[in-house]
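Asker: This is the structure I have questions about; it appears just below.
The values are calculated or read from the model by the stated rules, or taken from the named source; none is laboratory data. Note that the structure is a prediction, hence the values are computed from the model and not measured. Positions of Cβ are backbone-derived with ideal geometry, glycine not excepted, and every protein chain shown enters the neighbour counts. The protein model used for the area step is the full one, side chains on, heavy atoms only, and it has no ligands, DNA or RNA in it. Shrake-Rupley method; radii C 1.70, N 1.55, O 1.52, S 1.80 Å.
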Amino acid sequence: MKGKIYIINPDFERLTEIIKHMRARQDIDRRSLDELEHSFSSRDELGLIKEVRKIKNSRSDSEWARIEELEAELSRAIVVDFNKILPDFVTMNSKVYLRDMDTGKNEFYQLVYPEDADIEQNKISILAPIGTAILGYKVGDIIEWKVPAGLRRLKIKKIVYQPEAAKEYYL
């Protein structure tokens, strides 16, 4: 079992809303496919809908897994006042250096909300596996999580920017 993570209340509330929105969207997608499937009568049309459903479900399964991972992280969270979070904890919009413990490679990321993600600018979404993994941890922590190729281990080396430490509370 992983330990507790630390998060400020506005981030906790916004992430909880993102989860609710994604669950609602997923339910709508499934209902739309059901309605579409019932509106077609020919075997070819039904076969096409079944193929679309298969593709949609595979995409939804990975999306669902990300939602569940974020929920699991939030269930372990200790919500703290933004004035009291220590500057060595990764919060939303933090800029961090990570070290891959297996390759020794250093990586730099900014942890952002999904709509702000831009991999070319090293802005990773909280919904990306690495984003979910680093939220709430502190400098020196080693984060481990399963990836298709096995186990990935990253150490939080340095936080070069944390909004709360910079007294920028509402980004």
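Asker: Quick check on this structure: which one of R59, R76 is within 16 Å of A133 (Cα to Cα), at pLDDT below 90 and over 13 Å from the mean Cα position of the chain (by Cα)?
Answerer: Residue meeting the stated conditions: R76.
Asker: Which of the numbered conditions does G104 fail, given that it passes all the others? Conditions: (1) open to solvent by less than 70 Å² (accessible area, probe 1.4 Å); (2) out of contact with any Asp or Glu (no Cβ under 7 Å at 6 or more places or on another chain); (3) part of a strand (DSSP E or B).
Answerer: Tallying (1) open to solvent by less than 70 Å² (accessible area, probe 1.4 Å); (2) out of contact with any Asp or Glu (no Cβ under 7 Å at 6 or more places or on another chain); (3) part of a strand (DSSP E or B), G104 fails exactly one: (3).
Asker: How about the stretch 8-25: which of its residues are touching a residue at least 12 places away in the same chain (Cβ under 8 Å) and either over 16 Å from V79 (Cα atoms) or within 14 Å of the chain's Cα centre (by Cα) (or both)?
Answerer: Those that are touching a residue at least 12 places away in the same chain (Cβ under 8 Å) and either over 16 Å from V79 (Cα atoms) or within 14 Å of the chain's Cα centre (by Cα) (or both): D11, F12, R14, L15, T16, I18, I19, M22, R23.
Asker: Additional query: Restricting the stretch 122-134 to residues that are assigned to a helix (DSSP H, G or I) and open to solvent by less than 60 Å² (accessible area, probe 1.4 Å), which is nearest to P148 (Cα to Cα)?
Answerer: Per the criteria, the residue is I130.
Asker: While we're on this one: Looking at the structure I just gave you, is I142 open to solvent by less than 30 Å² (accessible area, probe 1.4 Å) and farther than 23 Å from K84 by Cβ?
Answerer: It is false that I142 is open to solvent by less than 30 Å² (accessible area, probe 1.4 Å) and farther than 23 Å from K84 by Cβ.
Asker: Tell me, yes or no, whether the stretch 11-18 has at least one residue that is among the basic types (K, R), more than 25 Å from R152 (Cβ to Cβ), at pLDDT 80 or above and open to solvent by 60 Å² or more (accessible area, probe 1.4 Å).
Answerer: Looking through the stretch 11-18, at least one residue is among the basic types (K, R), more than 25 Å from R152 (Cβ to Cβ), at pLDDT 80 or above and open to solvent by 60 Å² or more (accessible area, probe 1.4 Å).
Asker: Can I ask one more? Return yes when N106 is over 19 Å from I8 (Cβ atoms) and over 19 Å from the mean Cα position of the chain (by Cα) and no when it is not.
Answerer: Taking the combined requirement at face value, the residue satisfies it.
Asker: Within the stretch 140-161, is there a residue that is at pLDDT below 95 and in a helix (DSSP H, G or I)?
Answerer: Scanning the stretch 140-161, I find no residue that is at pLDDT below 95 and in a helix (DSSP H, G or I), so the answer is no.
Asker: Hey, another quick one. One residue is enough: does the stretch 93-104 have a residue meeting the conditions touching a Ser or Thr at 6+ places or on another chain (Cβ under 7 Å) and either on the phi > 0 side of the Ramachandran plot or at pLDDT 85 or above (or both)?
Answerer: No, because not a single residue in the stretch 93-104 is touching a Ser or Thr at 6+ places or on another chain (Cβ under 7 Å) and either on the phi > 0 side of the Ramachandran plot or at pLDDT 85 or above (or both).
Asker: How many residues does the stretch 145-161 contain that are surrounded by 17 or more Cβ atoms within 10 Å (Cβ to Cβ) and within 11 Å of E69 (Cα to Cα)?
Answerer: The number of residues fulfilling the criteria is 0.
Conditions (1) at pLDDT 90 or above; (2) outside any loop (DSSP other than H, G, I, E, B); (3) within 18 Å of K157 (Cα to Cα), marked per residue:
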site: L86; (1), (2), (3): yes, no, yes
site: Y109; (1), (2), (3): yes, yes, yes
site: E120; (1), (2), (3): yes, yes, no
site: G136; (1), (2), (3): yes, no, yes
